[in-house]
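The values are calculated or read from the model by the stated rules, or taken from the named source; none is laboratory data. This one's a predicted model, so the numbers in the text were calculated from it and none came from an experiment. Here the Cβ is made from the backbone with ideal geometry for all residues, glycine too, and neighbour counts use every protein chain on show.
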């Protein structure tokens, strides 16, 4: 059984993340998807606590078949891979992360421990360097832009899954007024 692994802070999860997950399930010939919500990312601060981000991720990815969403206590991908040693797995990243992959902690070790699959957007240059490449629908969204929109009271319709938008509103997350 082959597994695609998608990790991130998901602060908040958005439709770009969902497109990446859907593309991995559709294009990589995997049997399941494992979404890892990083509890304490080593490379950046998060606005929301881990349990809230996990709850939002569960809402975002809940409609995808054969998908498990869980909290990961490892701050860095390489530490997760060393401890868990996933078998018959591929680690999924977007083209933007691939462009910055050499800045990750121990990128060569990550590549030694697991094959990488990089999502390319149609019309963009195809990633090179011994990685599996698959195409996804273009969704130029970033979590930091979303947080800014939410804090300014701007709409996020069409940028996050509807269930995520409702939960953000209900809880008053990211400075949003609760309802």
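Being touching a residue at least 60 places away in the same chain (Cβ under 8 Å) and either surrounded by 12 or more Cβ atoms within 10 Å (Cβ to Cβ) or assigned to a strand (DSSP E or B) (or both) is the requirement here; does residue 139 meet it? Quick ask: steps written out before the conclusion?
Numbers: touching a residue at least 60 places away in the same chain (Cβ under 8 Å): yes; either surrounded by 12 or more Cβ atoms within 10 Å (Cβ to Cβ) or assigned to a strand (DSSP E or B) (or both): yes.
In short, yes.
Enumerate the pairs (first residue in the range 111-125 and at positive phi and modelled with pLDDT of 95 or more; second residue anywhere and assigned to a strand (DSSP E or B) and surrounded by 11 or more Cβ atoms within 10 Å (Cβ to Cβ)) with beta-carbon separation below 9 Å, excluding pairs fewer than 6 apart on the same chain, so at least 6 apart or on different chains.
none
Which condition does residue 147 not pass, out of (1) surrounded by 15 or more Cβ atoms within 10 Å (Cβ to Cβ); (2) under 22 Å from residue 33 (Cα atoms); (3) under 17 Å from the mean Cα position of the chain (by Cα); (4) touching a residue at least 24 places away in the same chain (Cβ under 8 Å), if it passes all the others?
Only one criterion in (1) surrounded by 15 or more Cβ atoms within 10 Å (Cβ to Cβ); (2) under 22 Å from residue 33 (Cα atoms); (3) under 17 Å from the mean Cα position of the chain (by Cα); (4) touching a residue at least 24 places away in the same chain (Cβ under 8 Å) is unmet by residue 147, namely (2).
Just name the residue that is farthest from residue 26 (Cα to Cα) out of those in the range 168-179 that are in contact with a helix residue (DSSP H, G or I) (Cβ under 6 Å, 6 or more places away or on another chain) and surrounded by 14 or more Cβ atoms within 10 Å (Cβ to Cβ).
Applying the filter and picking the extreme gives 176.
So, in the range 65-85, how many residues would count as being surrounded by fewer than 17 Cβ atoms within 10 Å (Cβ to Cβ) and under 29 Å from residue 161 (Cα atoms)? Walk me through how you get there before you give the answer.
To start, the set of residues in the range 65-85 that are surrounded by fewer than 17 Cβ atoms within 10 Å (Cβ to Cβ) comprises 65-66, 68, 70-71, 73, 75, 79, 82-85.
Within this subset, residues satisfying the condition of being under 29 Å from residue 161 (Cα atoms) are 65-66, 68, 70-71, 73, 75.
Looking only at that region, the number is 7.
If you go through the range 42-88, how many residues are touching a strand residue (DSSP E or B) at 6+ places or on another chain (Cβ under 9 Å) and closer than 16 Å to residue 20 by Cα?
Within the range 42-88, residues that are touching a strand residue (DSSP E or B) at 6+ places or on another chain (Cβ under 9 Å) and closer than 16 Å to residue 20 by Cα number 11.
Identify the single condition in (1) within 18 Å of the chain's Cα centre (by Cα); (2) loosely packed, with under 12 Cβ neighbours inside 10 Å; (3) more than 25 Å from residue 56 (Cα to Cα) that residue 122 does not satisfy, given that it satisfies every other one.
(1)
If you take the residues in the range 9-51 that are assigned to a strand (DSSP E or B) and under 10 Å from residue 92 (Cβ atoms), which one is nearest to the chain's Cα centre (by Cα)? Write out each step before concluding.
Going through the range 9-51, the residues assigned to a strand (DSSP E or B) turn out to be 32-38.
Filter once more, keeping what is under 10 Å from residue 92 (Cβ atoms): 33-35.
On the way: 33: 11, 34: 10, 35: 7 Å.
Once the filter is applied, the top-ranked residue is 35.
How about the range 8-40: which of its residues are surrounded by fewer than 20 Cβ atoms within 10 Å (Cβ to Cβ), under 17 Å from residue 71 (Cβ atoms) and touching a strand residue (DSSP E or B) at 6+ places or on another chain (Cβ under 8 Å)?
39
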